[in-house]
Each structure stands twice: as C-alpha cells, then as structure tokens.
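Novice: This is the structure I have questions about; it appears just below.
The values are calculated or read from the model by the stated rules, or taken from the named source; none is laboratory data. The structure presented is a predicted model; accordingly, all values stated were derived computationally and were not measured. Neighbour counts are summed over all protein chains in view; Cβ atoms, including those assigned to glycine, are modelled from backbone coordinates with ideal geometry.
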C-alpha cells in the first residue's frame, strides 16, 4: 500500500515529495529516466506490465509534478480498471511544454469527462512545483469536490491507499509526524542535501508491520498494511512463478501474485531557485530478489525551465 508525503515546511525547499511504491515484486518496472520523444520533458519510472506504461510519480522540465496512490473499491458495483490509473497521471505529465492547460482546467476536464470515475480507486496530487496541488480522485463528480494542498508554507500532507482525508490509517498520520520531525531536525543541524535525503529515506523505511506466522499470505497481511510506512516482502514467494514463466495469463494480471512489498523509494526536493533533485532507490529486481542498498539508486538534477 503506497504512501506519498508532501511538504512545504522546509524553508530551503518550497516543495518536498516522498514516495514508497508498494507492489508485487515481480511486476516489471523501468528505472527513472527522461522519457522518449515526444515526451522527453518527463522524468519518472514506468510500469511495464501494461501496454500504456503508466507511471505513479513524475515531474517535468517545466515544473509539472504528479503522484498517484490507488485504493481498493469496497462496493461490488464499483468501477475497477476500465481506465488505467497510470494513463491518467501520464496524461497530465505529457501535456506539451507549451500547453496553456492549467492544473485547474485539467482537473475540470478529468472530472467532467468521466475519465476519473472510469478508473479504480485513486488519489492524484498534481500541479506546479510552486503549488498549489489538486487532489483529484475517482470519487470527484465536480471540481468543488477537489481539495487543494501546498497552498501555503508549513503544510505536510500524506496520501495512501484510502480516500484523501481518511485519518484512520496509522501510516499516514505517522508519516506526516515523522516527516515534520525530520525537517525540523534537518533545519536545526543545517545538514547537507545528501544528508537530508538520507534522513528522508529513513522516514520511508520505518517498518511497524506486525509479523504473522511464516505461512501467512498477502491476504492475511492486508488488514495490517495500513499500519506501516514501509512494507517488507510478504506473501508466498512461489505463487505465480509458473504463470510468469509460461505467460499463462493476461499481460496485466501476470505479475499480481507472489511477494509484495515496498519496491521503490523516491525523494524529490525542489529548492527556491527551481532546482530539482530527484532521487530514487529500487529495492527489488524483477526476480523479486533484493538489490544491495545503493546499487539500485538513480539521481537526477535539473533546473525547471520557465
């Protein structure tokens, strides 16, 4: 169950974004990179399990930023997957650099056109690095149902796999608290940017998941995933291996079995000059084997073009 934490509480960085991507560990995912033409202005990883190759987190050379967390629908009649959630965030990030479409207008079209409601449960934070950011979901039927964050200094907000504003999830409230504390400590010590990133990765690595017996399945763990920011590998490591090898399933369901956990950790820092530091750590390869810390790290740095 993914988590995104966004903050405007650090005086040196008008926007800080942290993200854990929790996923089935054999699900193929590209490392972060600048995308191919005509979308070479977009930086981010991509999900390779579906043809649309959607993302869950990205930023552009011209200051657009977006992060998406999904959540399960509870009602049997809810729409699930008629539109890829990854394609929704792609449609925002891949807007041409000279597009005059504002975040507000994008949200209006997404909601009014029904595209948001045609996807499974999600919360999408999108906007400009200088804010504000809209929080649009498949629940929104009108723009007056869309809250905005990063509207002023000192805000710290968490999103996870539940509706925005649900305060019942410990991982959200703990994540917000720990991020606030980390930023205060960083300011007090005047630490370097690299030290700050290391500190923020520490927040993303807080593991408070209750441990069940060694034969517990992912389904057994589902009620507890909301309790931990970091999700260690859980589930049956052998489940689905034969299907992946033989491709005896539809492409987008091939990898929805086996071990599940935090696959990637991302920290994005935006400073007052518009300089962006993008750091992403991949923890597991497509074989669900752990990658030694540091070997899966990717860093990018650029100044937003206005």
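Novice: Answer with yes or no whether residue 168 is under 17 Å from residue 121 (Cβ atoms) and loosely packed, with under 15 Cβ neighbours inside 10 Å.
Specialist: Working: under 17 Å from residue 121 (Cβ atoms): yes; loosely packed, with under 15 Cβ neighbours inside 10 Å: yes.
Considered against the rule, which asks whether it is under 17 Å from residue 121 (Cβ atoms) and loosely packed, with under 15 Cβ neighbours inside 10 Å, residue 168 comes out as yes.
Novice: For segment 55-74, how many residues meet the condition of being over 12 Å from the mean Cα position of the chain (by Cα), assigned to a loop (DSSP other than H, G, I, E, B) and buried (at least 16 other Cβ atoms within 10 Å of the Cβ)?
Specialist: Number of matching residues: 3.
Novice: Could you run through segment 30-54 and say how many residues are at pLDDT below 95, touching a helix residue (DSSP H, G or I) at 6+ places or on another chain (Cβ under 9 Å) and not in a strand (DSSP E or B)?
Specialist: Selection size over segment 30-54: 6.
Novice: OK, next. Scanning segment 1-29 for residues that are within 11 Å of the chain's Cα centre (by Cα) and outside any strand (DSSP E or B), which turns out nearest to residue 294 (Cα to Cα)?
Specialist: In this case the residue turns out to be 2.
Novice: Within segment 266-289, how many residues turn out to be within 20 Å of the chain's Cα centre (by Cα) and either closer than 27 Å to residue 256 by Cα or in a loop (DSSP other than H, G, I, E, B) (or both)?
Specialist: 11
Novice: I would also like to ask the following. In this structure, is residue 232 surrounded by 11 or more Cβ atoms within 10 Å (Cβ to Cβ), more than 20 Å from the chain's Cα centre (by Cα) and either modelled with pLDDT under 65 or assigned to a loop (DSSP other than H, G, I, E, B) (or both)? Spell out the reasoning first.
Specialist: Working: surrounded by 11 or more Cβ atoms within 10 Å (Cβ to Cβ): yes; more than 20 Å from the chain's Cα centre (by Cα): no; either modelled with pLDDT under 65 or assigned to a loop (DSSP other than H, G, I, E, B) (or both): yes.
No.
Novice: Right, here's the next one. Looking at 208, 143, 173, can you tell me which residue is exposed (fewer than 14 other Cβ atoms within 10 Å of the Cβ) and either more than 20 Å from residue 1 (Cα to Cα) or touching a strand residue (DSSP E or B) at 6+ places or on another chain (Cβ under 9 Å) (or both)?
Specialist: Values: 208 fails: either more than 20 Å from residue 1 (Cα to Cα) or touching a strand residue (DSSP E or B) at 6+ places or on another chain (Cβ under 9 Å) (or both); 143 fails: exposed (fewer than 14 other Cβ atoms within 10 Å of the Cβ).
Matching residue, one of 208, 143, 173: 173.
Novice: Show the residue pairs meeting these rules: Cβ distance below 7 Å; 6+ apart or different chains; first residue within segment 19-47 and farther than 24 Å from residue 159 by Cα; second residue modelled with pLDDT of 95 or more and part of a loop (DSSP other than H, G, I, E, B).
Specialist: 34/40; 39/94; 41/61; 41/62
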